[in-house]
1. Could you look through the range 1-27, keep only residues that are among the hydroxyl-bearing types (Ser, Thr, Tyr) and surrounded by 13 or more Cβ atoms within 10 Å (Cβ to Cβ), and pick out the one that is farthest from Arg100 (Cα to Cα)?
2. Here are some residues: Thr118, Thr109. Which one is surrounded by fewer than 16 Cβ atoms within 10 Å (Cβ to Cβ) and either touching a Cys at 6+ places or on another chain (Cβ under 9 Å) or among the β-branched types (Val, Ile, Thr) (or both)?
3. What number of residues in the range 98-124 are hydrophobic (A, V, I, L, M, F, W, C) and either at positive phi or without any contact (Cβ under 8 Å) to a residue 60 or more places away in the chain (or both)?
4. Applying the selection to the range 82-97, what residues are on the phi < 0 side of the Ramachandran plot and either touching a Gly at 6+ places or on another chain (Cβ under 8 Å) or open to solvent by 10 Å² or more (accessible area, probe 1.4 Å) (or both)?
5. Which of the residues spanning the range 75-88 are more than 12 Å from the chain's Cα centre (by Cα) and either in contact (Cβ under 8 Å) with a residue 12 or more places away in the chain or under 12 Å from Val48 (Cβ atoms) (or both)?
Amino acid sequence: QVQLVESGGGSVQSGGSLRLSCAASGRTFSTFAVGWFRQTPGKEREFVAGISWSSGSTDYHDFVKARFTISRDNAKNTVYLQMNSLKPEDTAVYYCAVRRLGWPSRQWTLYDYWGQGTQVTVSS
């Protein structure tokens, strides 16, 4: 089993930056993938970015464009989401998730483990 702990959320003004961290512990697999999702009241949980742990291959949702960057630190068993040029519409609870087997998926239902989430608030 995998345990995930997110951190780095907070409040920032439009145009600001935040760096989210997802620290993983417990049983891990060489084939697993890590994804970042976000959820706002009234909206479905949506994919933000994902990364394959072994290959480093990444995937980003179109609404992120070039503003966000997902990366991993093998030594720390941690995945990061660097968020720049934040917009009010980025306001949401951000979740880190792990998929036991396979490539990063944009479907949240395919992930096996989830963190508790971290709040990101962007004011105009």
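1. Pass one, the range 1-27, residues among the hydroxyl-bearing types (Ser, Thr, Tyr): 7, 11, 14, 17, 21, 25.
From what's left, surrounded by 13 or more Cβ atoms within 10 Å (Cβ to Cβ): 7, 14, 21.
Working: Ser7: 22, Ser14: 35, Ser21: 19 Å.
Among them, the one singled out is Ser14.
2. Working: Thr118 fails: surrounded by fewer than 16 Cβ atoms within 10 Å (Cβ to Cβ).
Just a single option satisfies the conditions, and that option is Thr109.
3. So the first thing to find is which residues in the range 98-124 are hydrophobic (A, V, I, L, M, F, W, C), and the list is 98, 101, 103, 108, 110, 114, 120, 122.
Still in the running and either at positive phi or without any contact (Cβ under 8 Å) to a residue 60 or more places away in the chain (or both): 110.
Residues meeting the conditions: 1.
4. Correct list: Gln82, Asn84, Leu86, Lys87, Pro88, Glu89, Thr91, Val93, Tyr94, Tyr95, Cys96, Ala97.
5. Residues of the range 75-88 that are more than 12 Å from the chain's Cα centre (by Cα), as a first pass: 75-77, 84-88.
Selection gives Lys76, Asn77, Asn84, Ser85, Leu86, Lys87, Pro88.
The values are calculated or read from the model by the stated rules, or taken from the named source; none is laboratory data. Note that the structure is a prediction, hence the values are computed from the model and not measured. Cβ: placed from backbone, ideal geometry, glycine included. Neighbour counts: every protein chain shown. The area values use the complete protein model at the heavy-atom level, side chains included, leaving out ligands, DNA and RNA. Shrake-Rupley method; radii C 1.70, N 1.55, O 1.52, S 1.80 Å.
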